[in-house]
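One structure is given here, and the rest of the page talks about it.
What follows is calculated from the coordinates using simple rules that are stated; it is not laboratory data. None of the values given here were measured: they were computed from a predicted structure. Glycine also receives a Cβ, built like all others from the backbone with ideal geometry; neighbour counts cover every protein chain displayed.
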Amino acid sequence: MDIKRISIIATAAIALAASAYGAGHSPIAQRQEAMKAIGGQMRTLGGMAQGKVAYDDFAVLSALEIMRDAATTARPLFANGDNPGAETTRAKPEIWAADSDFDARLGQLIASLNTAITAEPADLASFGPLFGAIAQNCKGCHEKYRAPKN
Ligand code: HEC
């Protein structure tokens, strides 16, 4: 392969990387993606918690770790106001009010994920209560800080 082709491929790779992580992906879009990832893993875990899918301790740990990473990624992306009018967000302005406990709630979600990861639940009986503690965070925060779909 000659040097010109290599440089064309390298340029294409850089352009691709820039489009995946660059200006096109605002903090709002990124935090929504992170929340979607969390939601996807919760469906996997929920199926097991309800006994619809066989319990798989390795899959549970992987899902919990993906959720922890996504929640950790999302946390600072809520820091800079809601950028009203710029694009679609369901984040309520109350998130940035002086008495907001939003960040504490995200911290609590991460803490409950860490608790479950550290526990390494080997069976459904030990996973059930850990799953319940995680799921509470979603509902509580969405009720207070997420606007309904329009
Ligand atoms: C501390 C608050 C908080 C917690 C905890 C939280 N969420 Fe969210 N979630 C939000 C907010 C705010 C939005 C709207 C974000 C936006 O539109 O900018 C959101 C959006 C979402 C979305 C929609 C993403 C989209 O744009 O399509 C899903 C799915 C979701 N959350 C799932 C979950 C699940 C599952 C959990 C629990 C494991 C969870 N969330 C925990 C605040 C939270």
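Shown here: the range 26-145, whose C-alpha atoms stretch 45, 25, 21 Å along the first, second and third principal axes, sorted largest to smallest. Only the Cβ atoms of Lys and Arg (+1) and of Asp and Glu (-1) were treated as charged; on that basis the dipole of the range 26-145 about its Cα centre amounts to roughly 280 debye.
Here the extension length gained between Ala98 and His142 equals 14.0 nm, from 0.36 nm per residue of separation less the Cα-Cα distance. The Cβ shell under 12 Å around Arg43 holds other residues with a net charge of +2, Lys and Arg each +1, Asp and Glu each -1. Near Ala34: Cβ cut-off under 13 Å, other residues only, Lys/Arg at +1 and Asp/Glu at -1. The net charge is +2.
Charged neighbours of Asn137, selected by a Cβ distance under 14 Å, balance to +3 (K, R count +1; D, E count -1).
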